[in-house]
Structures are given as C-alpha cells and as structure tokens.
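Below is one structure, written out as structure tokens; comments come after it.
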Amino acid sequence: MRVCSTGCTMQGEPVEASNGFLCANCYSNLRWALQKAPGALQHLREVYVMRSPIEIDGAKPQKKEPPAPFNLDAWQIAEDMWQALTGQYIPVSWNHFVLYGHAFDKCQELHQKLDEIVNRKEVIYLMPLVKLTRLGLYRYPLEELPRATLLPCPQCNQRTIYQPPVHYGDNLEVSCQNCGFTIPPEKIEFYANLAERERDAHL
C-alpha cells in the first residue's frame with residue numbers, strides 16, 4: 001500500500017495514498033487551496049499596503065490596519081504562499097491586483113493538471129500552500145463582520161454599529177441602528193474620545 005506523502009495517519013496508522021501520492025483528504029485540501037489562494041494573496045498584499053483609517057472597537061479609537069509587525073506578517077505569508085506555488089519571490093513591482101492576476105493563472109494551470117501533479121513525488125513541495133492559505137485567511141479574514149461599539153449615538157444615545165469597509169479605499173462607518181444617524185468619518189475619533197472621558201467619569 002502506498003501511503004500519503006504528507007505523513008497523514010488515522011488512529012496511528014498511515015493513510016493510503018488514493019490520489020497519486022496523496023490521500024483523499026490532502027487531495028481535497030490542495031484543490032481548495034488552489035481555488036482560494038489567488039484571492040487570499042491579493043488580500044494579504046492589500047492588507048500590507050492599506051492606509052490606516054480609524055476604527056472604533058469599544059471606547060478607544062484604534063487603527064483598522066494592524067501595526068507594522070502584523071503587516072509584515074501578512075506580507076510574509078503571501079511571500080511563502082507564492083514560493084510554494086512557484087518557487088520564486090513575488091516581484092516587488094507587483095501590486096495586489098497584478099499579483100491576483102498571476103496567481104489566478106498559476107492556480108488555474110495547476111488545478112487543470114492536478115491529477116497529473118499528484119502522481120509526482122514533487123507534489124509534496126506544493127502542500128505547504130494548504131496550511132499557508134488557511135493561516136492567511138484566519139489571521140486576515142476576507143470579510144469583516146459588523147459589530148456593536150461602546151460609542152453612543154450623539155442624537156439618541158443608543159449604541160452604534162461599526163460597519164467595516166466593503167471595498168478597498170472605502171471609509172469605515174459607525175451608525176446608529178435606532179435613529180439612523182451616521183457619524184462622519186472625520187468625527188469618529190472626536191466622539192470616541194468624548195465617550196471615553198464620559199465612561200471614565202463614571203468609574
């Protein structure tokens with residue numbers, strides 16, 4: 001019995017390689033990664049270059065963009081993903097849109113030849129893409145969910161909701177679900193500071 005080249009086990013026993021040198025689970029995971037990698041790569045490099053609008057999460061204003069070490073982390077995950085795909089570094093001249101186009105073409109090429117690729121021992125070098133894609137999407141989700149903030153509405157004093165930007169370059173939005181008032185982006189930090197001082201006064 002040929003066993004999975006990634007070393008998969010089930011109840012301590014090696015798992016059979018039913019798809020070339022991969023087990024059924026690894027084969028399925030690799031297909032998934034090839035489908036998700038282009039969007040993940042674009043997003044990771046977009047996170048790296050994105051400017052920092054102010055985000056309200058609780059009473060204190062915080063930057064939406066992660067601090068520099070985390071930006072570099074997103075950059076490095078993308079670099080590692082591209083190396084798993086191509087064995088090369090991402091050209092420094094590529095922005096996230098160009099990267100997506102090249103990644104889409106490369107992943108589509110690999111996906112079309114997948115049944116041939118899994119029958120080569122070298123498929124093991126492609127497998128880190130699965131873990132890296134999962135890691136990138138876990139640390140930097142493609143979709144950020146709306147959430148309540150501790151910033152009260154200036155109009156009716158009800159709790160406001162943070163609406164994350166939908167597209168690159170969009171402003172974030174903090175609005176009241178009760179009266180519909182939307183706090184202008186340039187005023188969010190001001191209102192947040194007021195809310196923080198009011199909260200501290202009651203402690």
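Could you compute the FRET efficiency for residue 112 and residue 13, with r as their C-beta to C-beta distance and R0 at 30 Å, rounded to 0.05?
0.35
Just rank 2, 45, 134, fewest to most, by other beta-carbon atoms within 10 angstrom.
Neighbour counts put them in this order, fewest first: 2, 134, 45.
Fewest Cβ neighbours within 10 Å first, please rank 173, 116 accordingly.
With the sparsest Cβ surroundings first, the list reads 116, 173.
Each reported figure results from applying straightforward, stated rules to the coordinates on display, with no laboratory input. Not measured: the values here are computed from a predicted model. Virtual Cβ from ideal backbone geometry, glycine too; neighbours counted across all protein chains shown.
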